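The values are calculated or read from the model by the stated rules, or taken from the named source; none is laboratory data. Note that the structure is predicted; figures quoted are calculated from it, not measured. Neighbour counts are summed over all protein chains in view; Cβ atoms, including those assigned to glycine, are modelled from backbone coordinates with ideal geometry. What goes into the accessible areas is simple: the full protein's heavy atoms, side chains included, and nothing from ligands, DNA or RNA. Shrake-Rupley method; radii C 1.70, N 1.55, O 1.52, S 1.80 Å.
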Amino acid sequence: MNYGRYSFEIPKVESKTLDELSIISTEQTKLQNGDIIFQISKSSQSKAIQMATNSKYSHMGIIYEINDEFFVYEAIQPVQITHLNDWIERGENSHYVVKRLINSEEVLTENAIEKMKEYGKQFAGKPYDIHFEWSNRKLYCSELVWKIYKNALGIEIGQLQKLSEFDLSNKVVKDKMKERYGNNIPLNEKVISPAAMFESELLVVVEDNL
């Protein structure tokens, strides 16, 4: 399935051979299409996200299997599909946790996965949203995953919140908010956080490499 210049085919790899990338294969793991993967990002905003949401994890994406390899569809800069091993290496200490719908055998059928990909393709190549706005012009990581599950399958993973509901008292958070919004913080903006999705009762842990 083609997403403009992004495609659900194995991307050409110049710096590493395909064998070097295939650290995690379908024969070595229990991962499946539609699984949700979490990590601790090394980005400049990661600590602020952790503090504001009282969560260890600050970045996430959806796993898709393509030609016996795994990739992560994620909202970074821009929204794109990334080889799973490259995605894991980007995280702090290469740590990750994978979660899955509790009723995935009934819900995540081949047809459902195609619906998710088809809906999600409209976001490929769109910029990362540093202001966490609830629009489709730009997207942040948890927003991408939430909207794909909600609009493709009708499943809401995690509860939407207002920005004002997060802990904005820490200096790290205050500084980042000041940097992003100045004195006009949109406290009523609708937000879905990685923490809310990680803690959802609809998900169970599949893999944790700690």
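Given the condition under 11 Å from the mean Cα position of the chain (by Cα), surrounded by 22 or more Cβ atoms within 10 Å (Cβ to Cβ) and at pLDDT below 95, answer yes or no: does some residue in region 42-57 qualify?
Here is the first cut: in region 42-57, the residues under 11 Å from the mean Cα position of the chain (by Cα) are 57.
Narrowing the set further to residues that are surrounded by 22 or more Cβ atoms within 10 Å (Cβ to Cβ) leaves 57.
Applying the additional criterion that residues be at pLDDT below 95 yields 57.
Scanning region 42-57 turns up at least one residue that is under 11 Å from the mean Cα position of the chain (by Cα), surrounded by 22 or more Cβ atoms within 10 Å (Cβ to Cβ) and at pLDDT below 95.
Is it the case that region 126-138 has a residue that's buried (at least 19 other Cβ atoms within 10 Å of the Cβ) and among the aliphatic types (A, V, I, L, M)?
no
List every residue pair whose Cβ atoms sit under 9 Å apart, with the two residues 6 or more apart in sequence or on different chains, where the first one lies in region 176-192 and is under 14 Å from Ser164 (Cβ atoms) and the second, anywhere, is open to solvent by less than 40 Å² (accessible area, probe 1.4 Å) and hydroxyl-bearing (Ser, Thr, Tyr).
Short answer, once both residue conditions are applied: Val191/Tyr140; Val191/Ser142.
Quick check on region 182-202. Is at least one of its residues in a helix (DSSP H, G or I), under 19 Å from Met60 (Cβ atoms) and among the basic types (Lys, Arg)? Walk me through it before giving the result.
Residues of region 182-202 in a helix (DSSP H, G or I): 194-198.
If we keep only those that are under 19 Å from Met60 (Cβ atoms) too, we end up with 194-198.
When the remaining residues are screened for being among the basic types (Lys, Arg), the result is none.
Checking region 182-202: not a single residue is in a helix (DSSP H, G or I), under 19 Å from Met60 (Cβ atoms) and among the basic types (Lys, Arg).
Looking only at region 146-162, count how many residues are open to solvent by 50 Å² or more (accessible area, probe 1.4 Å) and under 20 Å from Leu187 (Cα atoms).
Quick first cut of region 146-162, residues open to solvent by 50 Å² or more (accessible area, probe 1.4 Å) only: 150-151, 154, 156, 159-160, 162.
From the residues that got through so far, the ones that are under 20 Å from Leu187 (Cα atoms) too are 159-160, 162.
Going through region 146-162 one residue at a time, the tally reaches 3.
Taking region 82-103, which residues are open to solvent by less than 10 Å² (accessible area, probe 1.4 Å) and free of Cβ contacts under 8 Å to residues at least 60 places away in the same chain?
Result: Trp87, Gly91.
Taking region 187-198 only, how many residues are surrounded by fewer than 17 Cβ atoms within 10 Å (Cβ to Cβ) and out of contact with any helix residue (DSSP H, G or I) (no Cβ under 6 Å at 6 or more places or on another chain)? Quick ask: steps written out before the conclusion?
First, the residues of region 187-198 that are surrounded by fewer than 17 Cβ atoms within 10 Å (Cβ to Cβ): 187-190.
Next, from what is left, pick out any that are out of contact with any helix residue (DSSP H, G or I) (no Cβ under 6 Å at 6 or more places or on another chain): 188, 190.
Qualifying residue count, region 187-198: 2.
Restricting to region 19-40, what's the tally of residues that are more than 11 Å from the chain's Cα centre (by Cα), modelled with pLDDT of 50 or more and within 17 Å of Asp86 (Cβ to Cβ)?
Total meeting the criteria: 3.
Being part of a helix (DSSP H, G or I) and either in contact with a helix residue (DSSP H, G or I) (Cβ under 7 Å, 6 or more places away or on another chain) or hydroxyl-bearing (Ser, Thr, Tyr) (or both) is the filter here; which residues of region 67-96 pass it?
Asn85, Ile88, Ser94
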